[in-house]
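First the structure, in the form of structure tokens, and then the observations on it.
The values are calculated or read from the model by the stated rules, or taken from the named source; none is laboratory data. Treat the numbers as computed from the prediction; the structure is a model and nothing was measured. Backbone-built Cβ (ideal geometry, glycine too); neighbour counts: all protein chains shown.
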Amino acid sequence: MKKTDQKNATLELSRRRFIQASGALGVAAATGGMSQVVFADGKKILKVRAYGDLRSLDPAFSQGVIDEEIQSSIYSKLIQYKPGREWGYQLDAAESIEQATPTTIKFKLKEGIMFTGGHGEMTAEDVKYSFERIIAEATESTNKPDWGTLKEVTVDSKYEGTIVFDEAYPPAWNIALPYIVGNIVSKSAWEKAGGKVDTTTPSVSGPYMHKAWEPKQRTVLARNPDWHGGSAEFDEIHILPIDDESTAQIAFEAGDLDYTRVPLGSVSNLKASPPENSTLEEYPSLFYVWVGMNVENEQLSNENLRKAIQHAIDVPSIMQASYFGAAQPSTGIIAPGLVGHREKSLVAPEMNIAKAKEYLAAAGMEGGVTVTLDVLNKAANVTTAQVIQATCAQVGINVEVNLHESGAFWSLGDSSAGERYKDIQLILNRFSMAPDPSYATAWFVTEQKGIWNWERYSDAEFDKLEAAAKAESDNTKRAAMYEKMQDLMEESGAYRFITHEATPVIYNNGVKPAFRPDGLPLFRYFASA
Amino acid sequence: MLQAIKRICGDPLGLVGLFLVALMVLSAVLASVIAPYDPIALNIIDRLQGPSFKHLLGTDQLGRDLFSRVLFGGQVALKIALISISIALCIGVVLGMIAGFGPRWLDNIIMLLFDTIRSFPTVMFALATVALVGPSLSTVVVIIVITSIPTYGRVVRTQTLSIKSNEYIQAELAMGASTFRILSMHLLPNVVGPLFILASMDIPTVIALEAGLSFLGMGVKPPTPSWGSILNDGYNLIRNTPWPIIAGSIPLVLVTLGFTFLGESLRDLIDPKLRKSL
Amino acid sequence: MLIYCIKRIGLGILIVMLAVTLLFFMIHLVPGDPARILLGPRATPELIASMSQQLGLDKPLPIQILMFFANLFRGDMGMDVITNRPVADIVFGQLPYTLSLILTAIIGAALIGIPLGCYSAINRNSLADRVTGILSVACITAPAFVVALYSLLIFAVYLKWFPAVGAGEKGDFGDQVAHLVLPAFAIGLSWVGYLSRLVRASMLEVMGENHIRTARAYGLPERLVVFRYALKLAVLPTVTVIGVGMGFLLSAAVFTEIVFARPGLGKLIFDSISTRNYPVVMGSVLVSTILFVISTTISDLINAWLDPRIRASL
């Protein structure tokens, strides 16, 4: 599978080259809207799509990927994710950085990194301020958990400092330093602004500056002339919030965008006939989709019924119908490429009618049973629900699908919001993920019951492993622990793992993009071809 | 009645309307007989096919036969339209009569309520309702009923007011006729015609509303085959195949044509003013 | 006439208050905790509680709605807690996009629909009447999202006549107009059909009335009869419909604003209801009902001005 992908990619590459070459021979006008190198008013502008609108330019209040795509272009971090197909990091503001002891990380800043707005040079004091304000109670940052066991940052000299943890916290390298809470802000600028900024920012130090925000229309970033890394590639980056993926694809084809993620359903067609002068790339994704079962529900407290349902769901059919064959069945909640990914799930992805019937009989429900499946009203989910409905019907499990709009769906399992959490039986769920396994397992511990653990799953061994794995720095041991945790989840019968989805992206050949291994864009590294 | 049909037949567009409406009703009623496939049976291997002799309108992303889904979708559409419009009609007639015949303050309150309901954008009202009770067929019905009561109510109120001021009604009232008698003997026969026309022309609007709600994920529950859900699936599949959108649009357009032409033809027929002049 | 105006405007204010209050209670019954949704998955219970307090959600509902009106009276529509901006800025920032969309759609539809309807009425039962009849009726229920999608595919992707998404460069009028064409077409199409049928019907009705027949009998030219007398009366119901239509168009705007990724009030309402962003919901609902009430009031006033009988009925 992988091999043919690679082959296609090279074929595509050579064809692209050919088109480019012939384009160069011909007249530029012949290429139409797709390939215009991104010039407008003599400015070099990159136009890209984000799936939502800006919410905050303050790392402490960043609401996830959308804000981070902007923040990572305007702020510096000690280290940044390295673009490519494998997870890794590269130095940014740090000249050097190392894990000195299991609980300390030592860093030395590059000299001469300037903050805009006259806020001076970046020092270890700024790093200390940026990291410690996230964990300070008074800040009320929702991103505090990303820093795990962070205790403090000590300033060793003007440029040197030590990040100190209470307990070893290896995820810091994966989801803290190069991610949202790793953004370094100017202490003097923030203190002047009252310790908190919203949709404007007083000072940045990255390749771009925040120029304008037109709500629901676009965020404009402009080149930062004072950037320590030299001159940024584009005069401006326009980030357009477009939540509908089909619309985003149409906008790309109409020439309004230089880069976008496209719907999975379009992949095969785009491969067969790609729009002129553009490249489609497929990246895996970290999202995880699963069917959860509420173990405290009267009916589903019957473990055999849960196992019957596990075997009655045919994941390959879901891959075809809902993901158009562009995604693969998952083995758990930790995606390939991350520590703790399982090669195989305990229950095969294919449905097993005989086994399902066996478990149903053991549950004392040979005569048939009716369960409800709660689903968020997005197209892929609705299709998946109908596949589940159909395959479950084959073994005598009648599934009634309840659709919810997003606000209602995301409070379904919330035990502080009424009694609805008790009535949940099956839930089709999908969580986003940052590139560290601890981010996936955190939601399924006993403590999360009624918050995000809607299955109300509780297992002392799981909880113990979850706490230990976060602090384990030996990757082999760590992997074994996360694999075991997913085994436990699956053995309980409360989970049927579906997929990690995929991230197909398309970009205009005038652009040389940069992606994380999960296909999310790193705009600061985008260049023109 | 017979004469009415005869008259409609005299008007080509009316005839077309009658034919289309009859076609829709028949195919909906006989869906289980005509439909070549089970509308909810999955056949993932055959998904996203174009039209063929095997599948007249092709198949959707789950390999379900679109022609069969369109036929059964007609049942759903008819059900939603008939139930919601008749409930709205009943409530609208009663409220309209009360407003027209009752005391002035009651009239004012009812009219205020009507105007208030009208002033919500439908989608906003639908969103709040759906969030409250979850999307389903009955939610769709409730939304349509509430948003269309004011239309009917206003028509009835206007008629009631004009009848109330009639001299012969005033005379009857003076002679001690009961309000109920006046309303049922004089008013009802007069409003039934216009209301019937209004309702028949509203049916397509109701069906289109259901399609819109389905698009926003607030329509009927899957796997119920409604035209709105076929359109919504089609929207998501548009870059793969145009057929689901076409399959969903055809019945919608035909039914709109049918009910509108039939309604207009009926109006020409019932509205004596118009008939006299032509 | 003046008394009628005052009464009508007072009624409008009452309607707005009632509508906003009703919706307020409705959305607060809806499941989904705004503080939790706004803060995202990693929020602790303490954070949620503090956010609830900021939103004023810890107070009883009647107090909350009274506070809303009291603040409103002082010209304060509240603050959006996510972006920390005044709700008024957010709502009035989005309003022009939706207004321009709706007005373009309705004016365009009137410019095409009314002449079509006239033509059909004059040439009643001709082949042209039948064809426009079928076409316009077929347009009436064309769902806005389907029209939007196809117009995007045809005019933006294949023909590249118009841009696909957004609302255009700020300050570049031509660009903004170019961005307006397709969305306005998507929501205006059904109104072309609707208006042409309506005008046709009321023209036919009016032309049957006595004074028109008298005018004809006097031998006035047909053209004069149609345009001078009949059309003027026939436009009356159209004015009412357009007034009420603003509400429907606002709903349709939700669809087009989603499909065209256009900023606007419809999408703002949709997004803020789904995220339970109550201050923004209240602000945008307030503005949209005011918009609706203004347009119906204006159309009522025009009607009253044209037809004195109506004035007496309020």
Could you identify the single residue in A:VAL375, A:VAL369 that is facing another protein chain (nearest Cβ under 10 Å) and on the phi < 0 side of the Ramachandran plot? A:VAL375
Being surrounded by fewer than 18 Cβ atoms within 10 Å (Cβ to Cβ), over 18 Å from A:ASN297 (Cα atoms), among the small types (Gly, Ala, Ser) and within 20 Å of the chain's Cα centre (by Cα) narrows A:SER406, A:SER432 down to just A:SER432
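Restrict the check to region C:173-194 and report whether at least one residue is surrounded by 20 or more Cβ atoms within 10 Å (Cβ to Cβ), of a type outside the set (Asp, Glu) and either touching a strand residue (DSSP E or B) at 6+ places or on another chain (Cβ under 7 Å) or in a loop (DSSP other than H, G, I, E, B) (or both).
Going residue by residue through region C:173-194, those that are surrounded by 20 or more Cβ atoms within 10 Å (Cβ to Cβ) are C:179-180, C:182-194.
If we keep only those that are of a type outside the set (Asp, Glu) as well, we get C:179-180, C:182-194.
After this cut, where a residue has to be either touching a strand residue (DSSP E or B) at 6+ places or on another chain (Cβ under 7 Å) or in a loop (DSSP other than H, G, I, E, B) (or both) as well, the list is none.
Scanning region C:173-194 turns up no residue that is surrounded by 20 or more Cβ atoms within 10 Å (Cβ to Cβ), of a type outside the set (Asp, Glu) and either touching a strand residue (DSSP E or B) at 6+ places or on another chain (Cβ under 7 Å) or in a loop (DSSP other than H, G, I, E, B) (or both).
Could you grab me the full set of residues in region A:425-441 that are part of a helix (DSSP H, G or I) and either under 18 Å from A:MET293 (Cα atoms) or among the acidic types (Asp, Glu) (or both)? First the steps, then the outcome.
Filtering region A:425-441 for residues part of a helix (DSSP H, G or I) gives A:437-441.
Listed by number, the residues that qualify are A:ALA440, A:THR441.
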Is at least one residue of region C:217-235 in contact (Cβ under 8 Å) with a residue 60 or more places away in the chain, in a helix (DSSP H, G or I) and within 24 Å of B:ALA208 (Cβ to Cβ)? no
Just to be sure before I move on: is C:LEU135 away from chain A (no Cβ under 14 Å), part of a helix (DSSP H, G or I) and on the phi < 0 side of the Ramachandran plot in the structure I sent? yes
Residue among A:VAL289, A:VAL204, A:VAL262 that alone is among the β-branched types (Val, Ile, Thr) and facing another protein chain (nearest Cβ under 9 Å): A:VAL262
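So, in region C:16-71, exactly how many residues are hydroxyl-bearing (Ser, Thr, Tyr) and farther than 25 Å from A:ARG55 by Cα?
1
Kindly provide the set of residues from region A:69-117 that are assigned to a loop (DSSP other than H, G, I, E, B) and closer than 16 Å to A:GLY182 by Cβ, ordered by number.
To start, the set of residues in region A:69-117 that are assigned to a loop (DSSP other than H, G, I, E, B) comprises A:75, A:77-78, A:82-88, A:92-93, A:102-103, A:110-113, A:115-117.
Hits for region A:69-117 are A:TYR75, A:LYS77, A:LEU78, A:LYS82, A:TRP87, A:GLY88, A:ASP92, A:ALA93, A:LYS110, A:ILE113.
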Inspect region C:278-285 for any residue being surrounded by 23 or more Cβ atoms within 10 Å (Cβ to Cβ), in contact with a Pro (Cβ under 7 Å, 6 or more places away or on another chain) and modelled with pLDDT of 85 or more and give the result as yes or no. no
Inside region A:117-146, can you point out the residues that are touching a Gly at 6+ places or on another chain (Cβ under 6 Å) and crowded, with 23+ Cβ neighbours inside 10 Å? A:VAL127, A:THR142
With the requirement that a residue be at pLDDT 85 or above and either of a type in the set (Gly, Ala, Ser) or crowded, with 24+ Cβ neighbours inside 10 Å (or both), what does region C:128-145 give you? C:ALA128
Name the residue, out of B:ALA99, B:ALA126, that is part of a helix (DSSP H, G or I), closer than 30 Å to A:GLY407 by Cβ and either among the small types (Gly, Ala, Ser) or touching a strand residue (DSSP E or B) at 6+ places or on another chain (Cβ under 9 Å) (or both). B:ALA126
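Yes or no: C:LEU101 within 12 Å of chain B (Cβ to nearest Cβ), touching a residue at least 24 places away in the same chain (Cβ under 8 Å) and either over 27 Å from C:PHE292 (Cα atoms) or out of contact with any strand residue (DSSP E or B) (no Cβ under 7 Å at 6 or more places or on another chain) (or both)? Even if it seems obvious, please write down each step before you answer.
On the way: within 12 Å of chain B (Cβ to nearest Cβ): no; touching a residue at least 24 places away in the same chain (Cβ under 8 Å): yes; either over 27 Å from C:PHE292 (Cα atoms) or out of contact with any strand residue (DSSP E or B) (no Cβ under 7 Å at 6 or more places or on another chain) (or both): yes.
No, not satisfied.
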Helices (runs of 4 or more DSSP H) contained entirely in region A:378-424, each with at least 3 residues that are more than 14 Å from chain C (Cβ to nearest Cβ): A:379-394
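Looking only at region A:118-136, decide whether some residue is over 23 Å from A:ASP58 (Cα atoms), of a type in the set (Val, Ile, Thr) and assigned to a loop (DSSP other than H, G, I, E, B). Even if it seems obvious, please write down each step before you answer.
Let us first name the residues in region A:118-136 that are over 23 Å from A:ASP58 (Cα atoms), namely none.
Within region A:118-136, not a single residue is over 23 Å from A:ASP58 (Cα atoms), of a type in the set (Val, Ile, Thr) and assigned to a loop (DSSP other than H, G, I, E, B).
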Among the residues that make up region C:116-131, is at least one of them closer than 22 Å to B:GLY212 by Cα, away from chain A (no Cβ under 14 Å), hydroxyl-bearing (Ser, Thr, Tyr) and touching a Lys or Arg at 6+ places or on another chain (Cβ under 9 Å)? no
What single numbered condition from (1) touching a Ser or Thr at 6+ places or on another chain (Cβ under 8 Å); (2) surrounded by fewer than 22 Cβ atoms within 10 Å (Cβ to Cβ); (3) of a type in the set (D, E, K, R) fails to hold for B:ASP65? (2)
Is it the case that region C:125-132 has a residue that's more than 28 Å from the chain's Cα centre (by Cα), acidic (Asp, Glu) and not assigned by TED's automatic domain parsing to the domain that holds C:LEU29? yes
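Each row is one residue, and each column tells you yes or no for (1) surrounded by 24 or more Cβ atoms within 10 Å (Cβ to Cβ); (2) free of Cβ contacts under 8 Å to residues at least 12 places away in the same chain; (3) under 30 Å from B:LEU237 (Cβ atoms).
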{"residue": "A:TYR179", "(1), (2), (3)": "yes, no, no"}
{"residue": "A:TRP190", "(1), (2), (3)": "no, no, no"}
{"residue": "A:ASN224", "(1), (2), (3)": "no, no, no"}
{"residue": "A:HIS228", "(1), (2), (3)": "no, no, no"}
{"residue": "A:SER231", "(1), (2), (3)": "no, yes, no"}
{"residue": "A:SER246", "(1), (2), (3)": "no, no, yes"}
{"residue": "A:GLU253", "(1), (2), (3)": "yes, no, yes"}
{"residue": "A:LEU257", "(1), (2), (3)": "yes, no, yes"}
Name the single residue, out of those in region B:102-123 being closer than 20 Å to C:TYR278 by Cβ and not in a helix (DSSP H, G or I), that is modelled with the highest pLDDT. B:PHE120
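Take C:ILE273 and tell me if it is out of contact with any Lys or Arg (no Cβ under 9 Å at 6 or more places or on another chain), closer than 22 Å to C:ARG85 by Cβ, assigned to a helix (DSSP H, G or I) and within 14 Å of chain A (Cβ to nearest Cβ).
Values: out of contact with any Lys or Arg (no Cβ under 9 Å at 6 or more places or on another chain): yes; closer than 22 Å to C:ARG85 by Cβ: yes; assigned to a helix (DSSP H, G or I): yes; within 14 Å of chain A (Cβ to nearest Cβ): yes.
Answer is yes for this residue.
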Which of the numbered conditions does A:THR199 fail, given that it passes all the others? Conditions: (1) within 13 Å of chain C (Cβ to nearest Cβ); (2) under 24 Å from A:GLY510 (Cα atoms); (3) in contact (Cβ under 8 Å) with a residue 60 or more places away in the chain. (2)
Please give the number of the condition A:ASP518 fails out of (1) farther than 27 Å from A:ASN143 by Cα; (2) outside the structural domain of A:LYS378 (by TED's automatic domain parsing). (1)
Among what's in region A:459-488 and is outside any helix (DSSP H, G or I) and in contact (Cβ under 8 Å) with a residue 40 or more places away in the chain, pick the residue that is farthest from the other protein chains (Cβ to nearest Cβ). A:SER473
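When only residues in region B:161-211 that are within 14 Å of chain C (Cβ to nearest Cβ) and of a type in the set (Val, Ile, Thr) count, which is surrounded by the fewest Cβ atoms within 10 Å (Cβ to Cβ)?
Pass one, region B:161-211, residues within 14 Å of chain C (Cβ to nearest Cβ): B:161-162, B:164-165, B:194, B:197-198, B:200-211.
Subsequent filtering for residues that are of a type in the set (Val, Ile, Thr) retains B:197, B:203, B:205-207.
Working: B:ILE197: 20, B:ILE203: 26, B:THR205: 22, B:VAL206: 27, B:ILE207: 27.
Result: B:ILE197.
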Residues being without any contact (Cβ under 8 Å) to a residue 40 or more places away in the chain and either among the β-branched types (Val, Ile, Thr) or in contact with a strand residue (DSSP E or B) (Cβ under 6 Å, 6 or more places away or on another chain) (or both) - total across region A:407-432: 1
